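Colleague: The following block contains the structure, expressed as structure tokens.
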Amino acid sequence: DAKTTQPTSMDCAEGRAANLPCNHSTISGNEYVYWYRQIHSQGPQYIIHGLKNNETNEMASLIITEDRKSSTLILPHATLRDTAVYYCIVTTSGTYKYIFGTGTRLKVLA
Amino acid sequence: DTAVSQTPKYLVTQMGNDKSIKCEQNLGHDTMYWYKQDSKKFLKIMFSYNNKELIINETVPNRFSPKSPDKAHLNLHINSLELGDSAVYFCASSQYDRSTDTQYFGPGTRLTVL
């Protein structure tokens, strides 16, 4: 079973920030939080990952709460091309697998 | 250059046939994976290989036989195809690191069994 829970779906207006939450209350100390997205039926695309500090790259920002039990992926200026299913995954090195949940279906509206 | 590539992109075949899907990565990674995404869109790990050695086999029927001829390739052979094998199969790769585990996925192979 996935160690994360996410809302099933969300809408976001184009140009606005999309904030996607993820709960991972049973995360252990050496587990990272990863975010991927899947656009239509393409292969999952890596977005960002973090351990405990907030992270930012050219695609998104990742905010992890101090207790690490939840996180938020932020797409600062959502575009129509960001419409996808977003997966939050908790994993550690040496696991050799991802356990995917059902993800959040984000729809960016014009 | 495509980092993780799969062939074919689409595969339509009859029940009972044997088919193969090929995966290649040019990232220099030492670990490769096969995932299956069924009609309900659940993505599940099938196999993991590290340095050509099988690490994970997630209770996949033995009709599925992965083969890793070298670290850059992981092929999936399926015998006696069944209707339930219809799905999208994704290959992925990663480089073992003591801390992180970022996997990069291929574009998928849509298998339809008639």
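Colleague: Within segment B:47-105, take every residue that is modelled with pLDDT under 95 and on the phi > 0 side of the Ramachandran plot and give me the one that is surrounded by the fewest Cβ atoms within 10 Å (Cβ to Cβ).
Modeller: Among those that are modelled with pLDDT under 95 and on the phi > 0 side of the Ramachandran plot, it is B:Thr59.
To keep it simple, each residue is scored yes or no on (1) in a strand (DSSP E or B); (2) under 11 Å from A:Ala84 (Cβ atoms).
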{"residue": "A:Tyr34", "(1), (2)": "yes, no"}
{"residue": "A:Arg37", "(1), (2)": "yes, yes"}
{"residue": "A:Gln42", "(1), (2)": "no, yes"}
{"residue": "A:Tyr46", "(1), (2)": "yes, no"}
{"residue": "A:His49", "(1), (2)": "yes, no"}
{"residue": "A:Lys52", "(1), (2)": "no, no"}
{"residue": "A:Leu62", "(1), (2)": "yes, no"}
{"residue": "A:Glu66", "(1), (2)": "no, no"}
{"residue": "A:Leu73", "(1), (2)": "yes, no"}
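Colleague: Taking segment A:49-81 as the search range and keeping residues that are in contact with a Lys or Arg (Cβ under 8 Å, 6 or more places away or on another chain) and crowded, with 19+ Cβ neighbours inside 10 Å, which one is farthest from the other protein chains (Cβ to nearest Cβ)?
Modeller: A:Ala78
Colleague: Let me ask something else. Would it be correct to say that B:Phe64 is free of Cβ contacts under 8 Å to residues at least 40 places away in the same chain, within 14 Å of another protein chain (Cβ to nearest Cβ) and of a type in the set (Phe, Trp, Tyr)? Steps first, answer last, please.
Modeller: Working: free of Cβ contacts under 8 Å to residues at least 40 places away in the same chain: yes; within 14 Å of another protein chain (Cβ to nearest Cβ): no; of a type in the set (Phe, Trp, Tyr): yes.
It is false that B:Phe64 is free of Cβ contacts under 8 Å to residues at least 40 places away in the same chain, within 14 Å of another protein chain (Cβ to nearest Cβ) and of a type in the set (Phe, Trp, Tyr).
Colleague: A further question follows. For segment B:7-114, give me every one of the strands (runs of 3 or more DSSP E) that falls completely inside it and has 1 or more residues that are over 27 Å from A:Tyr87 (Cα atoms) and under 12 Å from the mean Cα position of the chain (by Cα).
Modeller: Numbers: elements: B:10-13, B:19-25, B:31-37, B:43-50, B:53-57, B:64-70, B:73-78, B:87-94, B:109-113.
Strands (runs of 3 or more DSSP E) meeting the threshold: B:19-25, B:64-70, B:73-78.
Colleague: A further question on this structure: What is the number of the single condition among (1) touching a residue at least 12 places away in the same chain (Cβ under 8 Å); (2) polar (S, T, N, Q); (3) within 17 Å of B:Tyr104 (Cα to Cα) that A:Ser71 does not meet?
Modeller: Evaluating A:Ser71 over (1) touching a residue at least 12 places away in the same chain (Cβ under 8 Å); (2) polar (S, T, N, Q); (3) within 17 Å of B:Tyr104 (Cα to Cα) leaves (3) as the failure.
The values are calculated or read from the model by the stated rules, or taken from the named source; none is laboratory data. Quantities reported herein were computed from a predicted structural model and do not represent experimental measurements. Every residue, glycine as well, gets a Cβ built from its backbone with ideal geometry; the counts of neighbours run over all protein chains shown.
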